[in-house]
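See below for the structure under consideration.
The values are calculated or read from the model by the stated rules, or taken from the named source; none is laboratory data. Small disclaimer: the values here were computed from a predicted structure and weren't measured. Here the Cβ positions follow ideal geometry from the backbone for every residue, glycine too, while neighbour counts run over all protein chains shown. What goes into the accessible areas is simple: the full protein's heavy atoms, side chains included, and nothing from ligands, DNA or RNA. Shrake-Rupley method; radii C 1.70, N 1.55, O 1.52, S 1.80 Å.
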Amino acid sequence: MAFFQMKKMILAWTFRKPVTTSYPFEPRKICPGSRGRLDVKISDCIFCTLCDKRCPTQALDVDKANKKWRIDRLRCISCGYCVEVCPKKCLTLTGDHGIPTVTKEMETF
Amino acid sequence: MIEEQTIIGVMPEMLVAEARKLCEQGYRLVQICATRLGEELQMDYSFDLNRKFVNFRFLLPKTGGRVPSITGVYFCAFTYENEISDLFGVQVEGNALDFKGNFYTTAMKHPFIQDAVPASVPAPAKPGVQ
Amino acid sequence: MGHRTIIPFGPQHPVLPEPIHIDLVVEDEKVVEAVPSIGFIHRGLERLVEKKDFVEFVYIAERICGICSFIHGQTYCQGVEEIMKIEVPTRAKYLRTIWGELSRIHSHLLWAGLMADGFGFESLFMHSWRVREQVLDIIEATTGGRVIFGSCKVGGARRDISPEQMTWMLKQLEVVEKEMRLIVDVFMNDDSVKHRLCGVGVISKADAISLGAVGPTLRGSGVADDMRLLKYAAFGELDFAPISRTDGDSYSRCAVRCDELFQSLDIIRQAAAKMPTGEIAVKVTGNPSGEFFSRVEQPRGEVVYYIKGNGTKNLTRFRARTPTFANVPALVKMLAGCELADVPVLVLTIDPCISCTER
């Protein structure tokens with residue numbers, strides 16, 4: 001007879017601290033190497049448009065003539081393909097996941 | 001090489017009889033799929049027994065193709081047969097559980113044999129354009 | 001002979017995370033017949049392959065499903081590599097094996113939580129997901145993503161696991177194993193759980209084969225068939241035997257999944273011990289020309305990709321048959337003759353993943 005097999009576990013956890021965190025007040029611990037927000041070091045960029053061509057979700061728009069590098073943050077899936085193809089290695093994925101937004105707009109560098 | 005895959009050409013009219021032979025040997029239906037090759041459809045019926053993969057193949061015209069249903073042998077084929085009739089417009093005769101074109105809800109009929117996306121379907125916006 | 005009523009089940013139902021609709025023909029409290037209908041979220045992903053380059057498509061293949069994401073990517077890559085005759089470095093094969101098994105553990109723990117929720121055991125649900133969170137942390141630390149790993153590419157792997165990370169991972173997994181033992185003990189031995197699962201939804205061995213069931217649904221009915229026996233990735237060099245149970249009821253399907261949790265841990269440990277050093281990827285040149293049916297064992301069962309290329313950078317055809325699609329006929333069979341109150345439990349025993357079913 002195994003009645004309520006879980007009683008031990010439930011009793012033990014009654015006296016422990018919760019595993020959840022009070023999120024907005026206590027930021028989430030981010031593992032190093034996590035794929036988050038795409039960051040560009042615009043001074044190194046040569047506007048080769050390779051990242052624009054390769055982006056699977058067409059989140060990037062690189063204007064060679066006007067030297068503009070634009071990103072649609074809501075489309076970016078943080079896959080890191082652009083980081084791999086960048087010849088100047090000026091793109092990085094930071095561990096930070098960015099702040100929430102209420103408007104759809106392109107960020108221009 | 002991961003595995004040997006045997007592909008056998010089968011006439012559509014012999015399909016049910018051949019499938020029954022495999023069923024009696026204990027084969028399991030793996031999948032049924034259609035592939036568009038220009039003006040033709042390539043039909044694949046795959047079976048497996050202890051990881052021995054056997055595939056039946058035949059060609060159909062792109063539109064108006066008819067195949068006999070194998071639901072009499074493998075009942076589970078009904079999902080695949082409804083799928084090919086909804087997406088490719090292949091007419092399956094004698095399906096035991098026929099959804100009559102209502103298996104998938106699609107914006108257009110038989111989307112997988114259309115050449116290109118018609119103008120009525122809006123194209124995804126370029127970045128920055130809302 | 002009672003009065004027959006048709007009760008619609010889904011697409012919105014508390015136990016269903018995703019939309020599937022089943023018309024239940026009910027006589028008093030007994031289900032006589034069940035007619036499934038899917039198609040609420042058909043996205044036509046298979047045709048997207050005509051627009052995307054075959055290297056890029058791995059990101060889309062990974063996003064077919066949010067739970068077995070890595071294995072979808074792996075199946076796609078293996079298929080393309082087979083067509084292009086690419087020999088993947090051994091280290092990449094081992095990495096794929098480790099990540100594949102990690103994703104199996106997290107998927108089975110997710111299922112355990114949903115199942116507990118399905119039969120109304122809330123605290124078991126919470127604790128299963130608490131343990132799963134630790135597995136997700138390992139995945140995030142080693143691949144960079146929590147559910148979308150993004151670490152598989154045509155020709156190898158995109159990331160390596162450093163020796164320090166590996167030691168840390170194995171230490172974490174020991175903690176996870178202890179926690180999992182406690183949870184599995186509840187699933188296997190608790191009376192109230194057994195009362196809901198034993199003898200419910202029996203699928204005989206012959207039925208499981210003729211209905212084309214795959215994965216734990218097939219193995220729960222006594223057929224020890226597992227696609228990992230095809231020896232893809234590093235499975236040829238690791239020691240494992242498929243787990244099966246003979247009863248064919250909901251309890252044995254549950255037991256198969258619970259045992260697989262520990263089997264996956266064992267495979268990860270073996271792979272970590274045998275892992276060779278060296279390259280993790282080879283350069284891919286040219287375009288695929290040919291065809292292959294790529295088959296891999298997912299947490300839910302066998303997934304089949306048909307990949308056909310014609311020598312251009314876009315593939316001609318990409319077809320995915322996911323395990324839930326193959327398990328729907330078995331579900332229909334299980335539902336006929338069951339009690340109405342058991343329907344949610346039975347729907348959950350096949351571990352339904354509807355978005356991947358409809359692609």
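Set side by side, the residues C:Ala255, C:Ala213, C:Ala241 differ, and just one is touching a helix residue (DSSP H, G or I) at 6+ places or on another chain (Cβ under 7 Å) and farther than 14 Å from C:Glu302 by Cβ, which is C:Ala255.
Quick one: is C:Ser244 under 24 Å from C:Ala224 (Cβ atoms), modelled with pLDDT of 85 or more and open to solvent by less than 10 Å² (accessible area, probe 1.4 Å)? In short, no.
If the condition is being within 18 Å of C:Glu18 (Cβ to Cβ) and either open to solvent by less than 10 Å² (accessible area, probe 1.4 Å) or facing chain B (nearest Cβ under 10 Å) (or both), then the stretch C:331-348 contributes C:Leu331, C:Val332, C:Leu335, C:Val343, C:Val345, C:Leu346, C:Val347, C:Leu348. Please find, within the stretch C:51-85, the residue that is farthest from C:Gly286 (Cα to Cα) out of those that are assigned to a helix (DSSP H, G or I), open to solvent by less than 10 Å² (accessible area, probe 1.4 Å) and of a type in the set (A, V, I, L, M). Within the stretch C:51-85, the match that is farthest from C:Gly286 (Cα to Cα) is C:Ile71. Restricting attention to the stretch C:112-147, the residues that are open to solvent by less than 40 Å² (accessible area, probe 1.4 Å) and more than 22 Å from C:Asp259 (Cα to Cα) add up to 6. The set of residues from the stretch C:19-50 being on the phi < 0 side of the Ramachandran plot, among the charged types (D, E, K, R) and open to solvent by 40 Å² or more (accessible area, probe 1.4 Å) comprises C:Asp23, C:Glu27, C:Glu29, C:Lys30, C:Glu33, C:Arg43, C:Arg47, C:Glu50. Taken together, the residues in the stretch B:51-83 that are open to solvent by less than 40 Å² (accessible area, probe 1.4 Å) and assigned to a loop (DSSP other than H, G, I, E, B) amount to 8. C:Val25 satisfies every condition listed in (1) without any contact (Cβ under 8 Å) to a residue 24 or more places away in the chain; (2) under 24 Å from the mean Cα position of the chain (by Cα) except (2).
If you check A:Lys104, A:Lys68, A:Lys89, A:Lys53, which single one turns out to be open to solvent by 60 Å² or more (accessible area, probe 1.4 Å), within 11 Å of another protein chain (Cβ to nearest Cβ) and within 16 Å of A:Ile42 (Cα to Cα)? Residue meeting the stated conditions: A:Lys68. Here B:Thr71 meets each of (1) within 11 Å of chain C (Cβ to nearest Cβ); (2) touching a Ser or Thr at 6+ places or on another chain (Cβ under 8 Å) with one exception, condition (2).
In summary, C:Met180 fulfils each of the numbered conditions (1) open to solvent by 30 Å² or more (accessible area, probe 1.4 Å); (2) within 22 Å of the chain's Cα centre (by Cα) with the single exception of condition (1).
Any chance you could count how many residues in the stretch B:4-50 are over 26 Å from C:Gly215 (Cα atoms), in a loop (DSSP other than H, G, I, E, B) and open to solvent by less than 40 Å² (accessible area, probe 1.4 Å)? Total satisfying the criteria: 1. The one condition from (1) touching an Asp or Glu at 6+ places or on another chain (Cβ under 8 Å); (2) open to solvent by less than 40 Å² (accessible area, probe 1.4 Å) that C:Cys198 does not meet is (2). Within the stretch B:74-103, the residues that satisfy the criterion of being touching a helix residue (DSSP H, G or I) at 6+ places or on another chain (Cβ under 8 Å), within 14 Å of chain C (Cβ to nearest Cβ) and among the small types (Gly, Ala, Ser) are B:Ala96, B:Gly101. Of all the numbered requirements in (1) away from chain B (no Cβ under 14 Å); (2) more than 24 Å from C:Phe119 (Cα to Cα); (3) over 20 Å from the mean Cα position of the chain (by Cα), C:Leu315 misses one, and that requirement is (1). When the residues of the stretch B:104-114 are filtered to those that are surrounded by 18 or more Cβ atoms within 10 Å (Cβ to Cβ) and without any contact (Cβ under 8 Å) to a residue 60 or more places away in the chain, the one that is nearest to the other protein chains (Cβ to nearest Cβ) is B:Tyr104. List pairs: first residue in the stretch A:19-37 and away from chain C (no Cβ under 11 Å), second residue open to solvent by less than 70 Å² (accessible area, probe 1.4 Å) and among the polar types (S, T, N, Q) anywhere in the structure, Cβ distance under 9 angstrom, at least six positions apart or on different chains. Between residues of the stretch A:19-37 that are away from chain C (no Cβ under 11 Å) and residues that are open to solvent by less than 70 Å² (accessible area, probe 1.4 Å) and among the polar types (S, T, N, Q), the close pairs are A:Arg37/A:Ser78; A:Arg37/A:Thr94. Within the stretch C:251-258, not a single residue is open to solvent by less than 10 Å² (accessible area, probe 1.4 Å), touching a residue at least 24 places away in the same chain (Cβ under 8 Å), closer than 23 Å to C:Ser204 by Cα and assigned to a strand (DSSP E or B). Condition check for B:Gly101 on (1) surrounded by 14 or more Cβ atoms within 10 Å (Cβ to Cβ); (2) within 20 Å of C:Val35 (Cβ to Cβ): one failure, at (1).
Condition test on C:Arg104, is it open to solvent by 10 Å² or more (accessible area, probe 1.4 Å), among the basic types (Lys, Arg) and either more than 14 Å from chain B (Cβ to nearest Cβ) or in contact with a helix residue (DSSP H, G or I) (Cβ under 9 Å, 6 or more places away or on another chain) (or both)? Against the criterion (open to solvent by 10 Å² or more (accessible area, probe 1.4 Å), among the basic types (Lys, Arg) and either more than 14 Å from chain B (Cβ to nearest Cβ) or in contact with a helix residue (DSSP H, G or I) (Cβ under 9 Å, 6 or more places away or on another chain) (or both)), C:Arg104 does not qualify. Screening the stretch C:260-277 for residues that are open to solvent by 50 Å² or more (accessible area, probe 1.4 Å) and of a type outside the set (Val, Ile, Thr) and picking the one that is farthest from B:Thr35 (Cα to Cα) gives C:Ala273. When C:Ala213, C:Ala234 are screened for being over 23 Å from C:Pro352 (Cβ atoms) and either at pLDDT below 90 or touching a Pro at 6+ places or on another chain (Cβ under 9 Å) (or both), only C:Ala234 passes. Within the stretch C:331-343, residues that are part of a helix (DSSP H, G or I) sit with their Cβ atoms under 8 Å from residues that are of a type in the set (Lys, Arg), at 6+ positions apart or across chains, in these pairs: C:Leu340/C:Lys30; C:Asp342/C:Arg196.
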